[in-house]
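Working notes, structure below.
The values are calculated or read from the model by the stated rules, or taken from the named source; none is laboratory data. Since this is a predicted model, take the numbers as computed values, not measurements. Cβ placement follows ideal geometry from the backbone for every residue including glycine, while neighbour counts extend to all protein chains displayed. Heads up: the accessible areas ignore ligands, DNA and RNA and are worked out on the full protein's heavy atoms, side chains in. Shrake-Rupley method; radii C 1.70, N 1.55, O 1.52, S 1.80 Å.
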Amino acid sequence: MAADLRQRGLGGLVTLLFLLAALPGAGGAQSRLRVVATLPDLYVITKALVGDAASVEVLARFGQNPHDMEVRPSQEDAWVDVIALGSNNPKMIRGTPTVIEASPGLAVLKVPNGRVDRSFGDVHPLGSPHFTLDPDNMPAVTGNIARGLAHIAPEQASVIAANRAAFLARVAAAAARWRETLAPFRGAGVVSYHDSWPYFYRAFGLVEVGIIEDRPGVPPSPQHVAGLIRKMSAERVRVILHESWYPHELSDVIAQRTGASVLVVPQTPGAVKGTDDYVAHIDHLVAAIATALR
């Protein structure tokens with residue numbers, strides 16, 4: 001299937017999914033819940049919620065660009081839907097109780113207007129899927145996951161609820177620290193290579209000045225790059241956020257011409273050693289960005 005389903009984009013992915021199944025217990029004992037997360041951010045969040053109550057796996061490897069997953073979506077479908085349909089397993093289809101969507105209830109950013117197709121690059125027709133980069137979204141995200149898991153495994157509901165409360169308390173305490181660290185830089189303009197950061201900017205008061213890719217997943221035109229350099233110079237942008245899985249030669253050139261610095265950052269947990277849980281991941285981003293902005 002992989003050879004026929006290669007792809008360069010996430011297509012319509014915004015409501016990120018979990019695919020669930022049951023593993024038989026030893027000696028015919030009660031089956032143990034198995035959870036498959038699409039992406040590393042949802043993987044680490046789910047691990048925090050379930051603890052030892054379920055096994056959790058992830059489709060995209062830590063540090064892997066999800067756009068490079070070996071799947072070919074249709075122009076409007078999420079790649080995970082194609083995987084699910086190809087599995088011939090009705091329990092893996094979006095809308096069934098065994099598929100949990102993490103995004104309901106969120107204010108989704110960057111929802112495109114008008115027609116959207118592959119000529120626009122790796123565009124997300126339903127909006128930006130990077131919502132876990134805003135800690136204020138964690139109550140809704142974890143609530144969606146916890147409710148879905150409890151529906152499938154009601155005997156684990158109390159454990160999941162307790163773990164969720166502990167996780168949210170830890171995130172709330174960390175978020176106060178993150179906001180204090182970035183408070184001196186509120187209103188600072190930032191440029192990124194890929195359009196990964198709108199929720200992070202909103203959470204911490206940073207301003208998106210521009211994006212190096214004029215179409216996601218497509219090398220930018222010389223005209224776009226020239227215009228961005230002029231704008232960055234005029235607004236004295238000091239930092240380019242560059243996701244760790246993209247080539248950085250163009251970001252380096254733009255930095256040299258504007259006086260900005262290139263900050264290579266992991267867009268998802270686990271891409272850098274010591275960032276394999278949610279709080280550690282945001283800790284790393286906040287510290288790195290604060291240092292660069294100084």
I'd like the FRET efficiency for D276 and E101, computed as 1/(1 + (r/R0)^6) with the beta carbon distance as r and R0 of 30 Å, rounded to 0.05. 0.80
I'd like the distance between the alpha-carbon centres of the range 269-283 and the range 183-241, rounded to an integer number of Å. 23
For the pair K231 and A161, the simple spin-label estimate (label points 7 Å beyond Cα toward Cβ) gives in nm 4.8
Using θ = phi - 60° and the Karplus form 6.51 cos²θ - 1.76 cosθ + 1.60, what ³J(HN,Hα) does each residue of the range 273-285 get, whole Hz, x for Gly and Pro? 3, x, 10, 8, 9, 4, 5, 4, 5, 5, 3, 4, 4
Could you derive backbone 3J(HN,Hα) for the range 144-151 from the dihedral phi with the Karplus parameters 6.51, -1.76 and 1.60 (θ = phi - 60°), listing whole Hz in sequence and x where the residue is Gly or Pro? 4, 5, 4, 5, x, 5, 5, 5
Just to verify a number: what accessible area does R147 come out at with the full protein assembly present, 1.4 Å probe, Å² rounded to tens? 150
Ranking by accessible area, most exposed first, for S251, S233 with a 1.4 Å probe: S233, S251
